[in-house]
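Have a look at the structure below, then the notes.
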Amino acid sequence: MELAYYSDYAVRLVNSEEPSRGTDALTSVEAVRELFGANASAARRATDADVTRFRSVRARLRAVFQAADEGDEARAVDLLNALLLEFPVSPQISGHDHRDDDGRPLWHMHLADHPSNATAGYAAIAAMGLAFHLTEYGVDRLGLCEAAPCRNAYLDTSTNRSRRYCSDRCATRANVAAYRARKRLEAADRSARTGLAAENAQRSTASGER
């Protein structure tokens, strides 16, 4: 498994809340367990106490994305380094569930789960994954969706660093909103020009009558 894969842990956790909409999906231990995805063994360690702890880590991860989105690279790195120090990982070489055609292990790097609690394990993996993404692609590849009021986190993997939205749905919604705004502006401009032309015609007619 590529280490960059773990960056999705950070995105999933951050996007479990939409502050601008006032929604929060992280309200139960079941919601915490769902964030682990296929990592069932780690998910089983989650308890009710992890709900509050996960929310705290989520706020700190969102702050990393926020700083990156605002172009404050130093702050984004400092915030992420603080998480890495608090939640260290144990990298291991693994070959489980990955075999070549001859049945031999396909060795790859794996981040071992932290044994103390579910939050520590998840935070360690999310922070390290995000750190690999940041150092590999750049701080500007971490963003927050521009389609208000969404503000979901995303990782830009586009070839030209052009991503601005978290999903195709948000991109479509933003494009439609921009199109409608242009149409309203064009209509207002036409109305203003028509009004000005009518006013000039009136003045010309009045001048001719005199």
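The values are calculated or read from the model by the stated rules, or taken from the named source; none is laboratory data. These figures come from a predicted structure and were not determined experimentally. Backbone-built Cβ (ideal geometry, glycine too); neighbour counts: all protein chains shown.
Yes/no per residue for (1) closer than 16 Å to residue 5 by Cα; (2) more than 19 Å from the chain's Cα centre (by Cα); (3) not charged (D, E, K, R); (4) not assigned by TED's automatic domain parsing to the domain that holds residue 43:
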site: 57; (1), (2), (3), (4): no, no, yes, no
site: 66; (1), (2), (3), (4): no, no, yes, no
site: 73; (1), (2), (3), (4): no, no, no, no
site: 129; (1), (2), (3), (4): yes, no, yes, no
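Report the residue count in region 74-113 for those that are among the aliphatic types (A, V, I, L, M) and assigned to a helix (DSSP H, G or I).
First pass over region 74-113, keeping only residues among the aliphatic types (A, V, I, L, M): 74, 76-77, 79-80, 82-85, 89, 93, 106, 109, 111-112.
Checking the rest, the ones that are also assigned to a helix (DSSP H, G or I) come to 74, 76-77, 79-80, 82-85.
The qualifying residues number 9.
State all residues of region 57-73 that are without any contact (Cβ under 8 Å) to a residue 40 or more places away in the chain and part of a helix (DSSP H, G or I); if no residue qualifies, say none. So that I can check it myself, show each step before the final result.
First, the residues of region 57-73 that are without any contact (Cβ under 8 Å) to a residue 40 or more places away in the chain: 59-60, 63, 67, 70, 72.
Within region 57-73, 59, 60, 63, 67 qualify.
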Picked from region 19-51 (must be polar (S, T, N, Q) and not in a helix (DSSP H, G or I)), the residue surrounded by the most Cβ atoms within 10 Å (Cβ to Cβ) is 39
Checklist entry - Do we have residue 13 as in contact with a Leu (Cβ under 8 Å, 6 or more places away or on another chain), surrounded by 11 or more Cβ atoms within 10 Å (Cβ to Cβ), in a helix (DSSP H, G or I) and not acidic (Asp, Glu) here? => result yes
Scanning region 146-170 for residues that are under 18 Å from residue 12 (Cα atoms) and among the polar types (S, T, N, Q), the one surrounded by the most Cβ atoms within 10 Å (Cβ to Cβ) turns out to be 152
Of the residues in region 112-143, those that are buried (at least 21 other Cβ atoms within 10 Å of the Cβ) and among the basic types (Lys, Arg) number 0
